[in-house]
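S.K.: Before I ask anything, here is the structure I am working with.
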Amino acid sequence: MAVGGSCRAGRRRRADAVALTILLAAAWPAPAFARDPIIALPATTLDIALTTLARQAGVEIISTEPGLRSVRTRGVQGALPVRAALDRLLDGTGYRAVSLAGGGYRVVRGQATRITKPPRRPAPPPPSPTEPARPASDIIVTASKQRIPLLRYPGSLTSVGGAPALQAQATGDVSDTARAVPILQSTQLGIGRNKVFIRGIADSSFNGASQATASVYLDDVQINYTGANPGLRLYDMRAIDVLEGPQGTLYGSGAIGGVIRLTSNPVNLGRVAGSVAGGTTLTEHGSPGGDIAGMLNVPLVRDTVGLRAVAYGVHDGGYIDDSSRKLTDINQVDTVGGRLALRVAPGTGWRIELSGAAQRIHAADGQYADSDTHPLEHRARFAQPFTSDLLLGRLLVEKNWSSGLNFVSATGFVVNRALDTFDASALGAGANPPAVVYNADNNKQLLATEARLSRSVANGDSWVLGFTLASARDILNRSVGMPGAEAEIIGVTNVTKAASVFGEGTIAILPNFSITVGARATTARVDGQPSSRPRSNDYVAGRSTRRVDPTVGLSWRIARRFAAFARFQTGYRTGGLAVATGVGRVADYQADNIAVGEIGVRRLRDGPTGIALSGSVSIAKWNNIQADLISRRGAPYTANIGDATIQTVEGNVDWVPLAGLHAGAAFLYTHNQVSGPIADQSRRDNRRLAETPPFAAHAELGYEWRAGAVTPRLAGSVGYVGRSVLGTGDLFDISQGNYATVGLSGGAKWRNLDLSVTVDNLTDVRANRFAYGNPFLFAFRGLVTPPRPLNVRFGIAASW
């Protein structure tokens, strides 16, 4: 049996008999309304075609017939019901599909009606909430790199469903997603500058040289390495998966908090398709904003070569005023970007993809306010803009065999350059100090390649073996001085080169009990170089790391849709060289490491209605924590601040009491205690990790129904974020958070047209999301980052 489109050889009635069993691959929680899956089958052999169809459509397909691998099939493309896709695939092959009583299909020999040309039929109406329920099937965790059924996956996982086309609702970045997913935390310096954390594994609130605790992947390519999340807009995404960490065995260094995997919609090789979406946003106490996006999918050679392009532009209106310069709405942000993917399916299970992405973010000014002035106002001598440029290239080669064997080779190259400007006039002395500007130019490059071989079979066994090579370069240049006359000050360059081999396997020692074991062996070297001669040579320019990160997991399927799991895993981050406090100084910082144990349960919904839930308890031991910090004078530095113990409890409930009505809720409770040089000299209450509120929760309720040819919908949500602090120690114990927001949305679909209205921050709350915005002012403890005031967005989308 194969999971998510793989297969195994069964008892052979002939030498070439093949048994195919494929389980559902879908996003969890299941949507209240099932949509016809997007099918993209190239011309190939029947065994591979059935494997691919099952994976794409999420349905069980069984066959014990001989000769499947010797039968050629034509391509099948489009948004089709599974039955229709099977009929087209099997047309003229001498096989037919028989529906199974428990759901799914069996492919058997029989007379199949040859269709020379599919008859024209009117487009089917949208599915009604009263239509019969489709049978539920197992969910596949493809991010595990082994296609493991979710009920056998020994770890916590949260999935945010995507869509096959652009939507009328607003589209943000990963930081915006964190607002509805309590296990995610994010700083709020601004898009392209926000750090994202998973389940309370948060080092600091400031951007610097240390490796990110959460690794973000676009398909198979990591797009971040050090510092902030690059803020890629999530247009045309199929799914967003959060694998809670550490994920050291499968994803290597830096994934100590976990992995955020963004999966884009694939190229459709069978038909021309497209969608456009746009909207305008009106903000109380602010300027209007707008967004527009488009997607086009074109088969260049039907069933063999195709192209998919996405382009977008977003203008976020400002709402912060500058009383010193007598300017209003200064914090406007403009984002433009796009993605392009070329897919080639030469046949016999091969897939080749070449893709790229580009995005530019320009923020006109800072989005912080001064607490001693108006809650939406600050004072600065000049503008403090931010610019980020992101470029990404990706090459993927994949091969699927009918035996269930899968080979993947993925190579990615990412360049991210960020330019920051801050008003550093507070460095001056006297009642009216001269204007001083501080500039930071951070250029990051990442080249990584991975090759892996995996297989999944019917009884739950699976394995993956692979290797990874990576090279990362992080260049920081700085300058300070009077505007127009800045002088360069010391910066650093870190070059990291790493090679690793990894393997993981899951063995079903009993039909409902599985054990997972694995390890990654890594050798890495980091070389640091100051941009100018430092005042002191008391640092290590290069250091090597060799380590093994093991994982052990257990999964017990207690009932058909209910399972328990336990897991132990480790991870680490490399050390490096960073600028230090004082003039012309640098210092090295050491690698840190983490070990996490967790136990949990999950229940999947049995059909389109019912309850799905998950919950877990975890404890983490984080040693030698590296953190990016700033001094009282605003100087950045990176240091190892000590050790921490982190306990968490999390839960997620997704309830569909009847077709069309959906309710969901999620929460995270966390407690941590830090010990080390900074914490031990601080008050006991101030020995906490940054950006980790003790409690965060989100709840939503929505209803969608049919009214003739129109499908209206209404939804509401409420979110709460508890109190957190900027960082560990008395200096960084500055309160933030402890607020709730309410949102409402509505819309209607008619044929291919989708209209929406979204109200955010309905109560117009004036909270402090982030107690930072300028490194040279934070020590005055008066900076706040308010949420965007009450705003309404009107959106429209069309697809064909």
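The values are calculated or read from the model by the stated rules, or taken from the named source; none is laboratory data. Since we're looking at a predicted model, the values are computed, not measured. Positions of Cβ are backbone-derived with ideal geometry, glycine not excepted, and every protein chain shown enters the neighbour counts. Note: accessible area is taken over every heavy atom of the protein model, side chains too, but ligands, DNA and RNA are not part of it. Shrake-Rupley method; radii C 1.70, N 1.55, O 1.52, S 1.80 Å.
S.K.: What is the gain in length, in nm to one decimal, between His671 and Ala559 on full extension, counting 0.36 nm per residue of separation less the C-alpha to C-alpha distance?
M.R.: Difference between extended and current length: 37.1 nm.
S.K.: Ok, one more. With every protein chain kept in place and ligands, DNA and RNA left out, what is the accessible area per residue of the chain? Probe 1.4 Å, answer in Å².
M.R.: About 39 Å² of surface per residue is accessible.
S.K.: A further question on this structure: Over the heavy atoms of Arg417, what accessible area does a 1.4 Å probe trace out, to the nearest 10 Å²?
M.R.: Per-residue accessible area (Arg417): approximately 100 Å².
S.K.: Also, quick follow-up: What number, rounded to the nearest 500 deg cm²/dmol, is the helix-based mean residue ellipticity at 222 nm of the chain, given -39500 (n - 2.57) per DSSP H run of at least four residues and division by all its residues?
M.R.: When only DSSP H runs of four or more count, the value is -1000 deg cm²/dmol.
S.K.: Now a separate question. Using modelled amide H (1.01 Å from N, peptide plane; none on Pro or chain starts), what sits under 5 Å from the amide H of Gly274, excluding residues fewer than 5 places away?
M.R.: Amide H to amide H, under 5 Å and 5 or more residues apart or across chains, Gly274 pairs with Asn297, Trp800.
S.K.: Continuing with the same structure: So, R0 is 60 Å and r is the distance between the beta-carbons of Phe568 and Asp334; what FRET efficiency does that work out to, to 0.05?
M.R.: With a Förster radius of 60 Å, E is 0.85.
S.K.: Just order 745-758, 245-258, 202-215 by mean Cβ neighbour count inside 10 Å, highest at the front, would you?
M.R.: Ranking, from highest mean packing down: 245-258, 202-215, 745-758.
S.K.: If you don't mind, another one. Find, among the GluC sites (Glu not before Pro) in segment 669-710, those assigned to loop by DSSP (not H, G, I, E, B) with at most 11 other beta-carbon atoms within 10 angstrom.
M.R.: The qualifying sites: there are none.
S.K.: Got a sec to turn the phi values of segment 356-365 into Karplus ³J(HN,Hα) couplings, 6.51 cos²θ - 1.76 cosθ + 1.60 with θ = phi - 60°, whole Hz, x for Gly and Pro?
M.R.: x, 9, 9, 8, 10, 10, 10, 9, 6, 6
S.K.: Once amide H atoms are built 1.01 Å from N in the peptide plane, which residues 5 or more positions from Thr171, or in another chain, come under 5 Å H to H?
M.R.: Those lying under 5 Å, H to H, from Thr171: there are none.
S.K.: Further question: Obtain the nm distance between the two label points defined at Arg417 and Ala740 by a simple spin-label model: each point lies 7 Å from its Cα along the Cα-to-C-beta direction.
M.R.: 4.7
S.K.: Once Rh is set to the Kirkwood radius over Cα pairs, what Stokes-Einstein translational diffusion coefficient, in µm²/s, holds for segment 282-393 at a temperature of 10 °C and a viscosity of 1.306 mPa s?
M.R.: Value of D from the Cα-based Kirkwood radius: 94 µm²/s.
S.K.: Considering only DSSP beta bridges where both residues belong to segment 200-284, give the percentage that are antiparallel (nearest 5).
M.R.: 65
S.K.: Please list 3J(HN,Hα) in residue order for segment 287-304, calculated via the Karplus relation 6.51 cos²θ - 1.76 cosθ + 1.60 where θ = phi - 60°; whole Hz, with x for glycine and proline.
M.R.: 8, x, x, x, 8, 8, 8, x, 9, 9, 10, 10, x, 7, 10, 3, 6, 10
S.K.: Sort Asp549, Asp588, Asp527 from largest to smallest accessible area, using a 1.4 Å probe on the heavy atoms of the protein chains.
M.R.: So, going from the largest accessible area down, we get Asp527, Asp588, Asp549.
S.K.: Once R0 is set to 45 Å, what does the formula 1/(1 + (r/R0)^6) return for the Cβ-Cβ distance between Leu307 and Asp372, expressed as a FRET efficiency to the nearest 0.05?
M.R.: For Leu307 and Asp372, the calculated efficiency is 0.25.
S.K.: Let me ask another. Once every Cα of the chain carries one equal point scatterer and solvent is ignored, give the base-10 log of I(q)/I(0) from the Debye formula at q = 0.06 Å⁻¹, two decimals.
M.R.: With no solvent term, the Cα-only Debye profile gives -0.38.
S.K.: If Ile619, Ile352, Ile48 are ordered by their accessible area, calculated over protein heavy atoms with a 1.4 Å probe, which sequence runs from highest to lowest?
M.R.: Listed by decreasing accessible area, they come as Ile619, Ile352, Ile48.
S.K.: Here is a further query. Kindly state, to the nearest 0.05, the FRET efficiency for Phe695 paired with Phe780, given R0 = 41 Å and r defined as their beta-carbon distance.
M.R.: So, using R0 = 41 Å, E works out to roughly 0.90.
S.K.: Once phi is turned into θ = phi - 60°, what whole-Hz ³J(HN,Hα) does the Karplus curve with 6.51, -1.76 and 1.60 give for every residue of segment 730-738, x standing for Gly and Pro?
M.R.: 4, 5, 9, 7, 10, 5, 8, x, 6
S.K.: On full extension of the chain, what length is gained from Asp527 through Leu465, given 0.36 nm per residue of separation minus the C-alpha to C-alpha distance?
M.R.: Fully extending the segment from Asp527 to Leu465 adds 19.4 nm.
S.K.: Helix 46-57 sits at what angle to the longest principal axis of the chain, using alpha carbons and giving 0 to 90 degrees rounded to 10?
M.R.: Approximately 50 degrees, to the nearest 10.
S.K.: Going by the alpha-carbon gyration tensor, a ≥ b ≥ c the square roots of its eigenvalues, is segment 177-321 rounded (a/c under 1.5) or, if a/c is not under 1.5, prolate (a/b greater than b/c) versus oblate?
M.R.: oblate
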